[in-house]
């Protein structure tokens with residue numbers, strides 16, 4: 001099996017062409033894993049990290065004993081073997097070449113190290129259409145949310161993504177209708193970078209209504225998937241794909257989400273990876289914001305209302321306005337007691353404000369320096385604004 | 001001075017009438033303090049708690065030395081002396097008698113012990129129009145917010161207050177336009193109890209447009225102030241009044257608030273008293289919700305979206321829905337791979353789902369028991385919903 005895979009001249013050639021200057025056996029073995037195992041298969045991931053992709057494949061498709069984890073390995077083999085067909089590997093490489101999708105392996109120059117935080121659940125490979133440099137950009141933020149977004153959610157997603165992209169952050173999302181689409185579009189509109197992680201192959205426009213958007217992302221950003229060309233997006237793959245969105249962003253922000261929205265799954269991934277998590281509040285009367293409020297209540301998501309607060313969440317900068325200076329309560333009491341028309345003598349103001357005459361005189365001095373009160377003959381009144 | 005106050009026969013008689021069966025000297029001394037000192041005067045409070053109200057008054061109006069805190073006491077005396085006029089005390093008692101306001105002192109049967117948490121800043125007395133029992137009700141919640149509320153805020157305040165009042169919680173607020181008014185009205189509408197803390201005397205309807213509302217609160221709830229009848233509401237008194245609202249509620253909820261709203265002051269009091277603090281989210285595009293979002297970000301306020309969540313905040317009960325059961329990811333993968341029309345044999349489903357044939361067969365068994373898949377001859381398909 002393994003020999004048929006690694007020994008096939010045509011496939012080997014395609015693998016060499018897909019990553020010129022690299023060892024074709026490793027390329028081939030990782031592509032094989034991306035075909036054999038579903039995204040996030042931790043057993044496959046553990047084998048690869050312990051043995052290297054080539055040996056892991058050889059062992060994974062053999063019947064050698066492994067000792068303690070015997071059952072886990074046997075279960076894995078039963079998952080992988082039915083898919084171990086040289087033709088499927090060849091199809092993956094050929095499909096990618098046809099649409100100009102670039103193959104990336106962990107450790108490659110533009111491989112985003114952030115994905116390594118996924119450990120044994122990291123992807124075996126990435127297929128990229130567009131510029132892979134976006135994946136390794138110094139600052140990336142994930143903006144996700146409901147497909148069934150409201151006009152409010154779409155507007156807030158666009159506002160956040162546009163501002164963040166314009167200030168040098170690559171906007172990462174999932175290419176779906178609703179919030180994802182608004183975020184990608186605003187990033188492109190601001191002339192910034194954007195990455196769309198797809199749940200199927202990068203040759204498949206899903207949803208089909210986003211064909212044009214994906215074409216724009218391909219030409220100014222990057223369309224990315226861990227699944228080979230031709231792979232269909234399934235519910236499981238949407239959920240697994242969410243871990244990549246959560247891992248790539250320095251922070252994840254959920255703009256709108258229903259009570260059981262798939263975006264909560266992305267949020268949970270971000271949380272478990274230790275990435276800061278933000279949620280945009282909305283009307284409590286809007287079902288499309290219920291998931292965001294839930295994230296604040298149950299997942300300790302930070303409430304974020306603008307791009308500056310998202311940057312703060314990312315730890316980029318803290319340009320929020322400082323707390324207002326506390327005004328002196330005695331000053332407030334004195335001003336309360338003063339008229340803006342009739343002047344009153346300090347003793348009368350003191351009694352009315354409940355302050356000593358001495359304190360009143362001192363405060364009148366300060367306030368008069370600030371131009372907030374004025375003396376008229378023997379009395380004081382508030383200065384006109 | 002003190003002898004003129006405590007010795008005046010007319011005032012003594014009025015004090016005895018205001019609290020029948022209690023020591024008139026104490027009554028008189030506390031009423032005097034409520035006239036001499038502005039709300040929350042910590043020096044007056046410290047003297048009263050150390051010496052008792054009568055001795056504190058005698059000492060506070062004397063020129064006796066106090067040792068270490070000499071300057072503090074001297075400053076206090078300079079605040080109190082200008083107001084120490086027997087007539088003002090008489091006016092306070094007479095004004096209350098005229099509108100039927102009941103005088104309450106700490107320790108009285110219906111005095112709310114929660115206010116004692118304010119320490120030296122606790123009120124010297126309370127003047128109550130309506131039923132003082134509301135103050136000592138077993139469960140009280142404070143609902144406050146912006147005067148310049150939006151229709152959204154008014155609706156949410158009414159929804160929360162109505163539900164909480166109907167389930168036995170006294171709704172505490174400040175009687176202002178906007179959120180406060182909506183909360184009081186909804187509590188009354190639900191046939192529940194409500195307490196309005198006013199910033200001036202309970203004989204003064206402020207704002208005047210709430211005259212009718214205050215009349216309804218007086219007859220079915222309680223209008224309360226620490227200031228004597230005739231006292232004008234001032235900015236300082238509004239701010240001091242907020243500490244009473246924060247202290248009386250088991251929790252404080254801010255429904256809408258601008259970035260610098262006075263409600264944030266109430267929230268800060270609640271926080272510093274260790275009372276749970278909730279904030280209702282709203283659109284990030286609404287200036288009327290900016291303060292609520294600020295409370296979540298800077299004051300660690302809990303996001304609350306309905307009455308059940310407010311009850312949870314109060315620690316009353318936790319009737320929130322449990323987390324949804326996690327579905328088995330393998331099951332999701334198998335169902336993804338199945339058609340609802342064409343049946344497929346288990347081996348084919350296994351390959352397509354990336355599962356072992358054994359696992360696939362086992363899952364098909366479970367799913368078929370649940371009626372979610374069906375076997376047609378040698379193949380399986382999803383059952384119609």
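Each reported figure results from applying straightforward, stated rules to the coordinates on display, with no laboratory input. Computed from a predicted structure; not experimentally measured. Counting neighbours? That spans all protein chains shown, and the Cβs are built from the backbone with ideal geometry, glycine included.
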(request) Place the peptides B:254-263, A:86-95, B:211-220, A:245-254 in order of packing, highest mean first, counting for every residue the other Cβ atoms within 10 Å and averaging per peptide. (result) A:245-254, B:254-263, A:86-95, B:211-220
(message) Distances in nm, one decimal, shortest first, from residue B:109 to the same residue in every other copy, taking the label point 7 angstrom along Cα→Cβ.
(response) 8.7
(message) Principal axis extents for region A:127-314, Cα atoms only, whole Å, descending order, please.
(response) 40, 34, 31
(message) Compute the distance from the alpha-carbon center of region A:186-241 to that of region B:1-40, in whole Å.
(response) 78
(message) Looking at chain B as a GNM with Cα springs under 10 Å, which of B:225, B:340, B:240 has the largest mean-square fluctuation?
(response) B:340
(request) Identify which of A:244, A:335, A:51 has the largest mean-square fluctuation in a Gaussian network model of chain A, with springs joining Cα atoms closer than 10 Å. (result) A:335
(message) I want the antiparallel fraction of DSSP beta bridges within chain B, as a percent rounded to 5.
(response) 40
(request) Classify region B:329-382 as rounded, prolate or oblate from the Cα gyration tensor: take a ≥ b ≥ c as the square roots of its eigenvalues, call it rounded if a/c is under 1.5, otherwise prolate when a/b beats b/c and oblate if not. (result) rounded
(request) Using a/c under 1.5 as the rounded threshold, could you call region A:2-97 rounded, prolate or oblate? The axes a ≥ b ≥ c are square roots of the C-alpha gyration tensor eigenvalues, and prolate needs a/b larger than b/c, oblate otherwise. (result) prolate
(message) Per residue, how big is the convex hull of region A:169-217 when only Cα atoms are used? Give it in Å³.
(response) 64
(request) Could you state the angle between the C-alpha long axis of helix A:211-220 and the longest principal axis of the C-alpha atoms of chain A, as a value from 0 to 90 degrees rounded to the nearest 10? (result) 80
(request) Rank the residues A:179, B:376 as a footprinting-exposure proxy: fewest other Cβ atoms within 10 Å of their Cβ go first. (result) B:376, A:179
(request) Sort A:309, B:358, A:370 so the one with the fewest other Cβ atoms within 10 Å of its own Cβ comes first. (result) A:370, B:358, A:309
(message) Can you tell me what share of the DSSP beta bridges in the protein assembly as shown is antiparallel? A percent to the nearest 5 is fine.
(response) 40
(message) So if each residue of separation counts as 0.36 nm, and I subtract the Cα-Cα distance between residue A:272 and residue A:208, what length gain in nm does that give?
(response) 19.9 nm
(request) Could you compute the FRET efficiency for residue B:78 and residue B:120, with r as their C-beta to C-beta distance and R0 at 25 Å, rounded to 0.05? (result) 0.85
(request) Sticking with the crude label model, points 7 Å out along Cα→Cβ, report the distance from residue A:347 to residue A:3 in nm, one decimal please. (result) 11.5
(request) Note the distances from residue B:369 to each other copy's matching label point, with points 7 Å along the Cα-to-beta-carbon direction, in nm, sorted shortest first. (result) 8.3
(request) Over 29 Å, how big is the tail of the calculated P(r) for chain B, in percent of all Cα pairs? (result) 53
(request) Provide a whole-number value for the mean count of partner chain Cβ atoms within 10 Å of the Cβ atoms in peptide B:349-355. (result) 6
(request) Evaluate E = 1/(1 + (r/R0)^6) for residue B:25 and residue A:148, where r is the Cβ-Cβ distance and R0 equals 60 Å; express this FRET efficiency to the nearest 0.05. (result) 0.30
(message) Consider the operator that turns chain A into chain B: which A residue has a Cβ nearest its axis, and what is that gap in Å?
(response) A:281, 2
(request) Report, as an integer, the average count of C-beta atoms from other chains found within 10 Å of each Cβ along B:74-81. (result) 4
(message) Bin width 5 Å, origin at 0, all Cα-Cα pairs of region B:80-194: what percent of pairs per bin?
(response) 2, 11, 16, 17, 17, 16, 10, 6, 3, 1
(message) Please report, for residue B:287, the nm distances (one decimal) from its label point, 7 Å out from Cα along the beta-carbon direction, to the equivalent points in the remaining copies, shortest first.
(response) 3.4
(request) Take A:332, A:27, A:378 and order them by how many other Cβ atoms sit within 10 Å, fewest up front. (result) A:378, A:332, A:27
(message) If you scale each eigenvalue of the Cα gyration tensor by 5 and take the root, what three semi-axes come out for the protein assembly as shown, rounded to whole angstrom and sorted largest first?
(response) 71, 27, 21
(request) Once you've got the GNM for chain B with C-alpha springs shorter than 10 Å, pick whichever of B:174, B:371, B:282 has the biggest mean-square fluctuation. (result) B:371
